[in-house]
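Q: Structure incoming, see below.
The values are calculated or read from the model by the stated rules, or taken from the named source; none is laboratory data. Computed from a predicted structure; not experimentally measured. Because the Cβ atoms are built from the backbone with ideal geometry, glycine has one as well, and the counts that use them run over all protein chains shown. Only protein heavy atoms, including side chains, enter the accessible area calculation; ligands, DNA and RNA are left aside. Shrake-Rupley method; radii C 1.70, N 1.55, O 1.52, S 1.80 Å.
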Amino acid sequence: MIKVRFHGRGGQGMKTSSRILGTAAFLSGFFVQDFPIYGAERRGAPVVAFTIISKEPILERGYIFDPNILLISDETLLLDKQTDPTKGMSKESIVFINSNKNEDYFKEKIGAKVIVEDLTKIALEVLGRPILSTLIAGVAAKLVGIEQKYLEEAVKEELEQIGANEEMIRKNILAATIGYNKVQEVKIEQTESLEPEVKVVEVEYNDPEISTPVISFVANSYLKKTGTWRVFKPIIKYQKCKSCRLCYVYCPESAIKWENNFPVIDYENCKGCLICVQECPLKAIEIVREGE
Amino acid sequence: MKKLMTGNEAAAWGARLAEVDYIPNFPITPQTEIIETLSKWIREGEMKAVFRTMDSEHSMLTAAGSASATGARVFTATSSQGLLYAFEMLYNLSGWRVPVVMVNVSRGLSAPITLEPDHNDILSARDSGFLQIHCETAQEILDSILVAYKISEDKRVMLPTIVNFDGFYLSFTREIVDVPKLEDVRKFLPEYKPTHTFFKASKPLAQGTPVLNSSLYSYFRYQVHRAMENALDVYKEVKEEFNKKFGRPIDEVETYMMDDAEYALLMTNSFSTKGKKAVIKMREKKINVGLIKLRLFRPFPTKELMKQTRGLKGLAIIDQNISPGKGGVIYSEVSSELYNYEEKPKVITSFIGGLGGKNISETEFEFAINYTRKVYEERTTLRVPILLFTEEDKKTSKTLIDIAHGGEKNEA
Ligand code: SF4
Ligand code: SF4
């Protein structure tokens, strides 16, 4: 049995990745289960998806705690305490990270078999958008040893289902193939389940100030630094800016402050949606890929 | 034909293969994908049915019952708050004796609001006069819908059925489903031919009439109970026929590794899969344990349950629901049914787990069995119910509560 866990951000296409891998494995004759987890949807918010591939019927439900393969579509997720994408990983697990940094950078931090490729760059070249679903699916399919023809068939099937046109399907099959050829098939060590031993404890009565769904600490959302969600960074070119305030009004995160009659982006909270770029009538906001 | 599909799509396939005439609907997470799938098929001409989005679940169920009373085959689906919003109509539909089949995708009830599953929603409909079939896999969902129509439309029954399955864990999980051929389904489930409720100009009827005479009220309501009793026999017939035609057993009580079991877990719905895996792990440690899954919840399959629990040293019931002030609903049901039975399990223990979709880990299942064994072997007094809640769960809750009250300045 191979358990694959995908970590990404809303909008990158991780659910589609897990489904493409699932369909490709199904077409190859395996038992399959795939499953996404996302809360109240928001572009950029952490998303997890899973694919389980097996020669026997699968006795699993829900979150995979002990993945054999982890695919992380966005290195900034490694900093997200709540998501904690490497949780449950063993020494035998294979970790794939989409990043423009090199493998050594992650090796000591993660301490497992790490593979790093800059898929965002390829996505921008091939698809013109930083959507990674088919690239990551390609990587995953190769790692688990699925034949390329089943991958291609699966991409077609899944994209048709979400209403993609022929051109998009063609480009995405190309993207999947590039992902597929970037990596080598890996040997999956069948380790024992790492589900941690837990202790059942008693839950005593607490006073209602604690034991009811009440938040007394107001205005706390700024503590959630959505700045780590960015793939692209908006940069205001003040020579061009005429202080029209449109970006300030449209920013959905209120991440643009108004100071000395000019907009100032709060990068700790700007999630990189680029709505400001879209709205600026003077094209005064430029886009730079994060980490460049 | 084998296909990879979500639980929701399997439910839509059930309705499609049953060739339903009318689908009144109202969206709610995590059920919406069912009606989206059906509406897509209808729009693209792959399925013929009337699809109407109503203004609420209450109207939806009223429309479902009324349409069924004209003789149409009706399908609908809801979840959680939606089911509760439609609640009074549940009793009306069973009183009208109309064979509507409704899916409920289980989701924990507010407050606090959640999207993930537990069974307080479906179990609240326990006394409504709907049959209830609970599913563990996507295949069971499709199969149960076909079986549900067959039983509901049987003259000895004529009651509506709810087919229940878990949100997320099944609704959004894709797995392999064997989709039967339409010709084969038609042979198993012929067209619905009503005898007591229909719409015919030449034969006018007043339906759902008020009954202000208490003898007559008692008589009619007790008939619903009698019909439920019949449904137990009809279920047996139908499962035989289904298994013969499609080669899949759908027993009202499913057993797993029970042959030589001294202890057993008793569960319902998708978490049973987790329970089965835990059983394998415990077997490796030489614990003689098995699992009993209740698939049919109304009518309650008492005799089957007696048979399957006969002589057990201990039965650990895992309730994914809570009746505050009492405990687990299924624990109460099973214990009361087995009480007068001589060969009942020596000890029946009660655990609450998986509320709001909380994971039940292998260690938690093992804890439940070990506790049951301890009560049996050492005759210790029983604590009822025990919440399956771990140190880690407690820590997580504390951290989040601290953040909510400004105690933890960490990044939320
Ligand atoms: S990209 Fe622009 S609009 Fe989007 S969050 Fe950042 S500053 Fe606001
Ligand atoms: S929208 Fe453009 S021009 Fe207007 S304030 Fe923002 S950056 Fe300046």
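Q: Which of the residues that make up the stretch B:371-388 are at pLDDT 95 or above and farther than 22 Å from A:Leu59 by Cα?
A: B:Tyr371, B:Thr372, B:Arg373, B:Lys374, B:Val375, B:Tyr376, B:Glu377, B:Pro385, B:Ile386, B:Leu387
A quick yes/no check of all residues on (1) of a type outside the set (A, V, I, L, M, F, W, C); (2) open to solvent by less than 30 Å² (accessible area, probe 1.4 Å):
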position	(1), (2)
B:Ala278	no, yes
B:Gly290	yes, yes
B:Met306	no, no
B:Val347	no, yes
B:Phe351	no, yes
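Q: Could you list, ordered by first residue, the pairs with Cβ atoms under 7 Å in which the first is in the stretch A:196-210 and facing another protein chain (nearest Cβ under 7 Å) and the second is of a type in the set (Phe, Trp, Tyr), at least 6 apart or interchain?
A: A:Val200/B:Phe367; A:Val200/B:Phe389; A:Val201/B:Phe389; A:Val203/B:Phe389
Each row is one residue, and each column tells you yes or no for (1) at pLDDT below 95; (2) within 28 Å of the chain's Cα centre (by Cα).
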position: A:Pro213; (1), (2): yes, no
position: A:Val231; (1), (2): yes, yes
position: A:Lys237; (1), (2): no, no
position: A:Cys244; (1), (2): no, no
position: A:Cys251; (1), (2): no, yes
position: A:Ile265; (1), (2): no, yes
position: A:Gln278; (1), (2): no, yes
position: A:Pro281; (1), (2): no, no
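Q: Taking the criterion of being surrounded by 22 or more Cβ atoms within 10 Å (Cβ to Cβ), in contact (Cβ under 8 Å) with a residue 60 or more places away in the chain and more than 30 Å from B:Thr195 (Cα to Cα), would at least one residue in the stretch B:82-99 satisfy it?
A: Within the stretch B:82-99 (the criterion being surrounded by 22 or more Cβ atoms within 10 Å (Cβ to Cβ), in contact (Cβ under 8 Å) with a residue 60 or more places away in the chain and more than 30 Å from B:Thr195 (Cα to Cα)), the answer is no, since none of the residues qualifies.
Q: Would you check if there is a residue in the stretch A:226-241 being outside any loop (DSSP other than H, G, I, E, B) and facing chain B (nearest Cβ under 7 Å)?
A: no
Q: Sticking with this structure for a sec: Kindly provide the set of residues from the stretch A:243-256 that are within 12 Å of ligand 2 (Cβ to nearest atom) and open to solvent by 50 Å² or more (accessible area, probe 1.4 Å), ordered by number.
A: Result: A:Cys244, A:Arg245, A:Leu246, A:Tyr248, A:Val249, A:Tyr250.
Q: Still on this model: For the stretch A:258-292, which positions are assigned to a helix (DSSP H, G or I) and either more than 8 Å from ligand 2 (Cβ to nearest atom) or out of contact with any Pro (no Cβ under 6 Å at 6 or more places or on another chain) (or both)?
A: Scanning the stretch A:258-292 gives A:Ile275, A:Val277, A:Gln278, A:Glu279.
Q: Right, another one. Testing A:Ile53 on (1) more than 9 Å from chain B (Cβ to nearest Cβ); (2) closer than 21 Å to B:Ala278 by Cα; (3) not in a strand (DSSP E or B), one condition comes back false. Which one is that?
A: The number of the failed condition is (3).
Q: Which residue pairs have Cβ atoms closer than 9 Å, lie 6 or more positions apart in sequence or on different chains, and pair a first residue in the stretch B:38-59 that is closer than 19 Å to B:Val103 by Cα with a second residue that is acidic (Asp, Glu) and not in a loop (DSSP other than H, G, I, E, B)?
A: Hits for this filter: B:His58/B:Glu88.
Q: Being under 24 Å from the mean Cα position of the chain (by Cα) and open to solvent by less than 80 Å² (accessible area, probe 1.4 Å) is true for just one of B:Leu216, B:Leu266. Which residue is that?
A: Numbers: B:Leu216 fails: under 24 Å from the mean Cα position of the chain (by Cα).
Step by step, each of B:Leu216, B:Leu266 is checked, and only B:Leu266 is under 24 Å from the mean Cα position of the chain (by Cα) and open to solvent by less than 80 Å² (accessible area, probe 1.4 Å).
Let's see how each residue does on (1) of a type outside the set (A, V, I, L, M); (2) farther than 21 Å from A:Leu124 by Cβ:
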residue: A:Thr228; (1), (2): yes, no
residue: A:Ile236; (1), (2): no, yes
residue: A:Cys244; (1), (2): yes, yes
residue: A:Val249; (1), (2): no, yes
residue: A:Lys257; (1), (2): yes, yes
residue: A:Asn260; (1), (2): yes, yes
residue: A:Val264; (1), (2): no, yes
residue: A:Gly272; (1), (2): yes, no
residue: A:Lys283; (1), (2): yes, no
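Q: Find the residue count for the stretch A:242-292, including only residues that are within 14 Å of chain B (Cβ to nearest Cβ) and near ligand 1 (Cβ under 9 Å from one of its atoms).
A: As a first pass, look at the stretch A:242-292 and keep what is within 14 Å of chain B (Cβ to nearest Cβ): A:268-269.
Keeping just the survivors that are near ligand 1 (Cβ under 9 Å from one of its atoms) gives A:269.
So the count comes out to 1.
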